[in-house]
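Accompanying notes for the structure given below.
What follows draws every value from the coordinates through simple rules; no lab data is involved. Worth saying up front: this structure is predicted, and the values here are computed from it rather than measured. Virtual Cβ from ideal backbone geometry, glycine too; neighbours counted across all protein chains shown.
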Amino acid sequence: MTEVAIDETLEAARQRLARALDAAGRHPRAAELLAVSKTKPATLIRAAYASGQRAFGENYLQEALDKQQALADLDDIVWHFIGPLQSNKTRQVAEHFAWVHSVDRDKIARRLSEQRPEQLPPLNICLQVNISDEPTKAGVRLADLPALAEAVMALPRLQLRGLMAIPAPCDDPQHQRVPFARLREALEELKTRHPEAPLDTLSMGMSDDLEAAVAEGATQVRLGTAIFGQRPPRD
Ligand SMILES: *Cc1c(COP(=O)(O)O)cnc(C)c1O
């Protein structure tokens, strides 16, 4: 995809999000667009930035660090780490990102907190929930969520903001809403248990299920393909 087209796909994505919010009876700014730029070159991120986009999501650490270096002059970009996170990668994530959406265990959270540089604000965290309870999938199980949330809230250099999920793919818009509703309810339960905590984030909805996620209260939608085009197959 060329840089000129990014202008158009980004505008189309904004309009799609605005329509979804309107259809759900929600405020026009109730959800933020996160541009998922994994596998895409820094030049396309720069083009999206020039069109006003500030929040970008990356999945693969080394690739993300390379692009951050190439884009170091864009100092108000907000980088979100949304991919699987192993403990040997936590230091660089803690140093180079503002958000992590994929925390699903205690050990990773503790390392991120210990490694978050003092001069930076606390690292914003979403806990990734295995919302479809698939045995092989990443994410904490709903049953284990309250304990993990409490552990993360106790860590000094992290700010628990909410929950993230990647439901199993599904073509039927009505069925798409089921796991998103479950995630919304899980966040509501956490808020009830911890009324003082700033739990304001539901990171859910991608190119194929944005409308269903927004209908269930998404506050950050993560769009890759819809903005940057198809990615090469991976793995
Ligand atoms: C790749 C990815 C996305 C974007 O998916 P699209 O279907 O391309 O919009 C969103 N969230 C996560 C966690 C991803 O890995």
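What are the extents of the Cα atoms of region 54-180 along their three principal axes, in Å, largest first?
Extents along the principal axes: 43, 32, 22 Å.
Which whole number of Å³ per residue matches the convex hull of the alpha-carbon atoms in the chain?
On the way: hull volume 30.0 nm³, N = 235.
Measuring per residue, one finds 128 Å³ for the Cα hull of the chain.
Can you show me the helix-derived [θ] at 222 nm for the chain, built from DSSP H runs with n ≥ 4 at -39,500 (n - 2.57) apiece and divided by the number of residues, rounded to the nearest 500.
Working: 9 runs with 97 residues, N = 235.
-12500 deg cm²/dmol, from helical runs alone.
Could you order the peptides 119-129, 95-105, 212-222 from most to least packed, using the average number of other C-beta atoms within 10 Å per residue?
Per-residue mean Cβ counts within 10 Å order the peptides as 212-222, 95-105, 119-129.
What number comes out for the charge environment of ARG54, summing +1 per Lys or Arg and -1 per Asp or Glu over other residues with Cβ under 13 Å away?
Details: positive: ARG14, ARG46; negative: GLU32, ASP75, ASP76.
Net charge around ARG54: -1.
How many angstrom separate the Cα center of region 74-150 from the Cα center of region 166-235?
Centre-to-centre distance over Cα atoms comes out at 16 Å.
Note down the relative contact order for region 1-94 as a percent, whole number, built from C-alpha pairs under 8 angstrom at least six residues apart.
That works out to 26 percent.
With only alpha-carbon pairs counted, each pair once and no self-pairs, how large is the Kirkwood hydrodynamic radius of region 17-99 in angstroms?
Taking the inverse mean of 1/r over all distinct Cα pairs, region 17-99 comes out at 13.8 Å.
Compactness ratio of region 37-76: Cα Rg over 2.2 N^0.38 Å, N = residue count?
Relative to the 2.2 N^0.38 Å estimate, region 37-76 comes out at 1.04.
Could you give the C-alpha radius of gyration of region 3-60 expressed as a fraction of 2.2 N^0.38 Å, taking N as the number of residues it contains?
Expressed relative to 2.2 N^0.38 Å, the Cα Rg reads 1.20.
Report, ordered by chain and residue number, the lysines lying within cross-link reach of LYS67, taken as a straight Cα distance under 28 Å and ignoring same-chain residues fewer than 8 apart.
Cα-Cα hits under 28 Å: LYS38, LYS40, LYS89, LYS107, LYS137.
Relative contact order for the chain: what percent, with Cα pairs under 8 Å and sequence separation of 6 or more? Don't skip to the answer; put the middle values down first.
Working: 419 pairs, mean separation 48.7, N = 235.
Relative contact order of the chain: 21 percent.
Could you tell me the calculated FRET efficiency between ALA154 and SER132, based on Cβ-Cβ distance and R0 = 35 angstrom, to the nearest 0.05?
After rounding to 0.05, the efficiency reads 0.80.
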